[in-house]
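Written out below as structure tokens is the structure these notes cover.
The values are calculated or read from the model by the stated rules, or taken from the named source; none is laboratory data. Computed from a predicted structure; not experimentally measured. Neighbour counts run over all protein chains shown; Cβ positions are idealised from the backbone, glycine included.
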């Protein structure tokens, strides 16, 4: 005897229709019994009475998943399928969602593939700052929830899922949720590694794998795990070098190799390996300069070279080579000013010029040109404040503004005897870092900065 289990769910006002359906199933069961087919009908109301009062929905979903051969839903009004006349949208019961997902599991990825592409495009972000560029942060949070649902149920080994997961991880990085960011970047890496094993000669997949290692390195850096970060950056560098060696004329691969030098340089600088760091930064600058010279009007190459000059200048400053640092900072500033003048609404260029002005303020302070130093510090403060006010959810902009508050306050405290003004800026920085430590607790640098500014405030004279 073949048993076919039918689950029937319906809203209360459809009791008559439910009873009619039950009678039809009973008659069909009698007709088919001699053929060796038995129709077993399970009704939602009967089952719900037998289940625990707290988790009946989950239990019902599991029963459907394990036993149902067919699910039938009778729905008309609010509860099972609900229509919102204002927003012109529908809301589905979790039962309907679960059953639909189970019955369409084999082709679920194909069905949602257009949605995956749309969500990935909506979650595009600025590569330099992580700032969401297509939609607002509020809208992005909604798209991220959609994307997370897709990734929870679509387990296929497909590169489109990896791209979506990478964009979701980058969103969580931007708002300061490092734990979630790390989990999604690990998902990206694991997924792309599987694809790479199947198609080791695919350049796109190899490039995507290298980027996944870079993202993991970035996240571990923010979490303070520098040894782990370095191991991922080394893998990023190795893949980037292989790609560039095989296709030296490919601009994207050359750009990737230059960025890998930058990541290694920053990590070795944080670990105190200054000589290694200087070498990596010099290699980064050399490659970006070559790219810039091929196409000096290319906005992307201008931006990358400006950033490279800035990091190389910071390295020279750390080694007390102030003249070399000033030359690098001037080169960076000229490029950033040209970029910002051409596109004043570009947040990456605005952030770049703010950092560049701050670097000039720092180097002119070291060279005792205090009037120039103050001018550049004030410029960087204004630009950073505008960035933060325009996108307060972006932790990078908020942290940058706190840093510029701190630098300005330190300048007033050390060189202008402006204790009151210095205290105001220090307190502003303290407030920002306290908020960041609370909302983005994974970032170890926020905790360290907060501790530093509080120690300074405790020792600062009251007037």
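Residues that are out of contact with any strand residue (DSSP E or B) (no Cβ under 8 Å at 6 or more places or on another chain) and closer than 26 Å to residue 446 by Cβ: find the helices (runs of 4 or more DSSP H) completely inside the stretch 107-220 holding 2 or more of those.
137-153, 159-174, 178-198
Condition check ((1) surrounded by 23 or more Cβ atoms within 10 Å (Cβ to Cβ); (2) touching a residue at least 40 places away in the same chain (Cβ under 8 Å); (3) not in a helix (DSSP H, G or I)) across all residues:
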| residue | (1), (2), (3) |
| --- | --- |
| 338 | no, no, no |
| 357 | yes, no, no |
| 360 | yes, no, no |
| 399 | no, yes, no |
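The conditions are (1) without any contact (Cβ under 8 Å) to a residue 24 or more places away in the chain; (2) assigned to a helix (DSSP H, G or I), and residue 272 fails exactly one of them. Which is it?
If we test residue 272 against (1) without any contact (Cβ under 8 Å) to a residue 24 or more places away in the chain; (2) assigned to a helix (DSSP H, G or I), just (2) comes out false.
Can you tell which of 354, 327, 332 is at pLDDT 95 or above, under 28 Å from residue 134 (Cα atoms) and more than 26 Å from the chain's Cα centre (by Cα)?
Criteria check complete, one pass: 332.
Is it the case, given these coordinates, that residue 278 is over 21 Å from residue 337 (Cα atoms), crowded, with 18+ Cβ neighbours inside 10 Å and at pLDDT 95 or above?
no
Check whether at least one residue in the stretch 416-428 is in contact (Cβ under 8 Å) with a residue 40 or more places away in the chain and crowded, with 20+ Cβ neighbours inside 10 Å, and report yes or no.
no
Looking at residue 252, is it surrounded by fewer than 18 Cβ atoms within 10 Å (Cβ to Cβ) and under 22 Å from the mean Cα position of the chain (by Cα)?
For residue 252, the condition - surrounded by fewer than 18 Cβ atoms within 10 Å (Cβ to Cβ) and under 22 Å from the mean Cα position of the chain (by Cα) - is met.
Has the stretch 280-289 got any residue that is under 22 Å from residue 349 (Cβ atoms), part of a helix (DSSP H, G or I) and free of Cβ contacts under 8 Å to residues at least 24 places away in the same chain?
Yes, the stretch 280-289 contains a residue that is under 22 Å from residue 349 (Cβ atoms), part of a helix (DSSP H, G or I) and free of Cβ contacts under 8 Å to residues at least 24 places away in the same chain.
Being surrounded by fewer than 23 Cβ atoms within 10 Å (Cβ to Cβ) and either over 21 Å from residue 360 (Cβ atoms) or free of Cβ contacts under 8 Å to residues at least 60 places away in the same chain (or both): is that true of residue 303 here?
no
Which condition number does residue 174 fail, the rest of (1) under 13 Å from the mean Cα position of the chain (by Cα); (2) at pLDDT 95 or above being met?
All conditions are met except number (2).
Look at the stretch 107-130 and say how many of its residues are modelled with pLDDT under 90 and under 25 Å from residue 345 (Cα atoms).
Final tally of qualifying residues: 5.
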